[in-house]
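Step one of this worksheet: look at the structure below.
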Amino acid sequence: MSTAEATTNSGSVDLLLWVIFPYVCLAVFAVGHFWRYRYDKFGWTTRSSQLYENRLLRLGSPLFHFGILFVFAGHVMGLGVPESWTKKAGVSESMYHATAVGSGSVAGLCTLVGLAILIYRRRTVGPVFSATTKMDKTMYLVLATVIVLGMANTVVANLVGHYDYRLGVSVWFRGILLLNPHPALMAEAPFGFQVHGLAAFLLFALWPFTRLVHVFSAPLGYLTRPYIVYRSRGDSLGSRKPKRGWERVGS
Ligand code: HEM
């Protein structure tokens, strides 16, 4: 079936699930971030709980964050780069698939174990649990669902039968971003891939209202900022020009 035929043959449920729902979630994602930045600038934070507990955090946080960085890179490659391009570059489908399943499984497992440690910590360390909001709980639930389903697709679906998601899910995903959606491609995808996609879009819609906003303010400035900020009251102290980052408040 050609893409054009596939698009026309889609029913209204497919249209709702694979076109309207994703666009509504993306709109909430964009407008929500704008709103949060305008009205809750001081709440734009991870709401770190490092002060309450550090041992489990030191283990779970890097596992989760490094894992998710690789998962993200894998998604940019798998969803963003058409299969025809990698084939032209001399990478066969089986070669690509084997690498993606290998590295994706390791990255996904690190992410999953890291997240399990972080959720365990949140539930069992009293002060951390007390600082956990309803929104945090909802976010953790959806995030864990997306990750577990992603892993299931990468590991289980590949053991049982091979679905070339780069000819289905990936084309649909690019179509959404390029304003040229192909709902039928997703309607034909295996169930696990469908639910993973829906849960991921739901996560995008929740994103601006959760602590996940910190992703867009990764603290790169930490590398160059002064390790401690001193403020002096008088303005006649010292004659040297302050170094970058050490300027007096209000100067
Ligand atoms: C609509 C957006 C998304 C789509 C279309 C999508 C699609 C996919 C596909 C096709 C796979 C299977 C890859 C393979 O078999 O090699 C996968 C795996 C996975 N996804 Fe997603 N995904 C999306 C968003 C997300 C998000 C937001 C997260 C996490 C927060 C996530 C986490 C994972 C994980 C952990 C795996 C397994 C490990 C890996 O392959 O990297 N996905 N996803």
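The values are calculated or read from the model by the stated rules, or taken from the named source; none is laboratory data. Model, not experiment: these values are computed from the prediction. All Cβ positions, even for glycine, are placed from backbone atoms using ideal geometry, and neighbour counts span all protein chains on display.
Of note:
- Residue match in segment 103-113 (condition: at pLDDT below 95, of a type outside the set (Ser, Thr, Tyr) and within 25 Å of Gly175 (Cβ to Cβ)): yes
- Pairs with Cβ under 7 Å, 6+ apart, first in segment 82-99 and closer than 13 Å to Leu167 by Cα, second loosely packed, with under 13 Cβ neighbours inside 10 Å: Glu93/Asp164
- Failed criterion for Ser103 (all others in (1) loosely packed, with under 15 Cβ neighbours inside 10 Å; (2) among the small types (Gly, Ala, Ser); (3) under 25 Å from Phe201 (Cβ atoms) hold): (1)
- In segment 152-192, the residue that is nearest to Pro82 (Cα to Cα) out of those that are charged (D, E, K, R) and assigned to a helix (DSSP H, G or I) is Arg166.
- Candidate set from segment 107-124 (those that are β-branched (Val, Ile, Thr) and touching a residue at least 24 places away in the same chain (Cβ under 8 Å)); member that is nearest to the ligand (Cβ to nearest atom): Thr111
- Residues of segment 70-93 that are within 13 Å of the ligand (Cβ to nearest atom) and of a type in the set (Gly, Ala, Ser): Ala73, Gly74, Gly78, Gly80.
- Lone qualifier among Leu185, Leu115, Leu143 - being crowded, with 20+ Cβ neighbours inside 10 Å and in contact with a Gly (Cβ under 6 Å, 6 or more places away or on another chain): Leu185
- Within segment 125-157, being of a type in the set (Gly, Ala, Ser) and within 13 Å of the ligand (Cβ to nearest atom) holds for Ala144, Gly150, Ala152, Ala157.
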